[in-house]
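I have placed the structure first, in the form of structure tokens, so that the comments after it can refer back to it.
Just so it is clear, none of the values below were taken in a lab; they were calculated from the coordinates. The structure presented is a predicted model; accordingly, all values stated were derived computationally and were not measured. Cβ coordinates were reconstructed from backbone atoms using ideal geometry, including for glycine residues, and neighbour counts include every protein chain displayed.
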Amino acid sequence: MSEKPSGDGPWWWARRRSAVLDVGLAAVSGLECAAGAYGLVRDRLGWGLPVTAVCVALGALAGASLLVRRRWPVVPVVVALVFVPGFFGVVLLVVSLYTLAATWEWPLRRARVVVLSAVAMVETFGTVLFAMTAPAEAPADPLPPTWVFVVIAAFVAVGMAVAPMVTGLYVGARRRLVESLKDRAQGLETELTLLAEQARERAWRARAEERTRIAREMHDVVAHRVSLMVVHAAAVERIVPKDPAKARQSAQLIGETGRQALDELREILGVLRMTEPQEQVEAPVGGLAELPELVEQSRVAGMAVALTVSGERREYVAEAEQTAYRVVQEGLTNAHKYAGGARVSVLLAYVPNGVRVSVVNACPDGAAQVALPSGGNGLVGMRERVVALGGAFHAGPEDGGGFRVEAVLPSRLRRPAGPPA
């Protein structure tokens, strides 16, 4: 048997009321067994007083065995089987059989329960039948047929052995059902707790991804525009004494670039201010068709940049075109920062397996560099964008000097052709 369950009862009882019940049953059974032992020894066998007192004490102890019925349920059953042939111990037998069937695990130990119950039923049947069919000295009335005694003995045996066993089995099954329902409820509660934790984790991850996306958009919008503004401002500072007209043109370009940066920032901040859940909105970004304009902006800022387009023009989904545009934008921004005065080549190639964009700058020629701050996150963000779309991204130095930024987006991102006009 298992150890005592948690509760406020003494010893092996879970509750105090269980201990009180067992003490009461043991007292009733002890009195019955003691009275039965007295009647058997004194009236039928005619033994002396000392032997009678010992038998009465043993009978009381036998009835008291119900005190351990919850801890060792087989003990009172065995004791009852010993005393039943003496025509006493009925309470002990009924209660012990009920406890045995109700508390022992079913069906792991069903063989023992069935065997002990069968022995109790056979023993009770034989005892009752023997008592009724024993020859009397002078019967006053004729005895009924033998089958009547057999039926009566069978009913008594079933009532004393089968009925408590069946009742115990029902109660035990009900208890196990309740325990299984409690365990299932606890399991469901634990599962709900885990699901709530997973939901919180997913929400936190979604917020982190959204913050990363917003930070990436802010970097893409600000870095390129502000880099152009800084380059133009440095050029204005150098040419104001020599060519005021060109300096004025550069100042106008600075203002125009700043207004474009403000417009794009305004769009992003407008998305952040939305209070109702809507579809994710990207800041307005040019696609592959706007690459010539992007290259021209860097050329006006003094960069020697050339754009090469090869292959048949194909349209891609908006996210793919925006990503390609951002890759070229980031490559030009890096060239402004680290390769001032170097020649830059921009390639847009429509290849069979998708579209490829690359920005390659040669080694700087030693001209004075414009100090531009860098957070080191631009290329990381570009890689994340391209890989998320299933493409390939590369950024690193060239063998002959210089630096290359390149991305290839798969052909599955092409925009499906519309219906014919």
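Protection proxy ranking of 250-256, 298-304, 60-66, by the mean of other Cβ atoms within 10 Å over each peptide's residues and highest first, is 60-66, 298-304, 250-256.
Stretched out fully, how many nm does the piece from Val226 to Ala388 gain, at 0.36 nm a residue minus the Cα gap?
Numbers: separation 162, 0.36 × 162 = 58.32 nm, distance 2.69 nm.
Going from the current span to full extension adds 55.6 nm.
Can you tell me which of 88-96, 69-77, 20-28, 181-189 comes out highest on packing, and rank the rest after it, using the mean Cβ neighbours within 10 Å? Don't skip to the end; give the middle numbers.
Working: 88-96: 24.0, 69-77: 20.1, 20-28: 16.1, 181-189: 10.0.
Most protected by this proxy first, the peptides run 88-96, 69-77, 20-28, 181-189.
For the pair Gln249 and Ala53, the difference between a 0.36 nm per residue extended length and the Cα-Cα distance amounts to 57.7 nm. Take the Cβ atoms of Tyr170 and Glu197, set R0 to 41 Å, and the FRET efficiency comes out at 0.50.
Extending 7 Å from the Cα toward the beta-carbon at both Val119 and Ala318 defines two label points whose distance is 8.5 nm. Here the label points at Arg184 and Val75, each 7 Å from Cα along the C-beta direction, are separated by 3.7 nm in the simple model. Summary of packing: across the peptides 117-125, 232-240, the per-residue average of other C-beta atoms within 10 Å ranks them, highest first, as 117-125, 232-240.
Taking θ as phi - 60° and the Karplus parameters 6.51, -1.76 and 1.60, the scalar couplings of segment 162-178 work out to 6, 4, x, 5, 5, 4, x, 4, 5, 5, x, 5, 5, 4, 5, 5, 5 Hz in sequence order, x denoting glycine and proline.
Would you mind counting up the charge near Pro416? Only other residues with Cβ under 13 Å from its Cβ, with Lys and Arg at +1 and Asp and Glu at -1.
Computed value for this residue: +3.
Placing dummy labels 7 Å off each Cα toward the beta-carbon, the span from Phe155 to Ala27 is 3.4 nm.
On the beta carbon distance between Arg266 and Asp399, with R0 = 51 Å, the FRET formula returns roughly 0.75. Using the Cβ-Cβ distance between Val240 and Ala208 with R0 = 45 Å, the FRET efficiency computed as 1/(1 + (r/R0)^6) comes to roughly 0.45. Taking amide H atoms as placed 1.01 Å from N in the peptide plane, the amide H of Val305 lies under 5 Å from those of Val344, each 5 or more residues away in sequence or on another chain. Other residues whose C-beta falls under 13 angstrom from the C-beta of Arg314 contribute a net charge of +2, scoring Lys and Arg +1 and Asp and Glu -1. Taking a Cβ cut-off of under 13 Å around Thr257, the surrounding Lys, Arg, Asp and Glu residues balance to a net charge of -3, with basic ones at +1 and acidic ones at -1. Taking only the Cα atoms of segment 192-269, the ratio Rg/Rh comes out at 1.38, with Rh defined as the Kirkwood radius.
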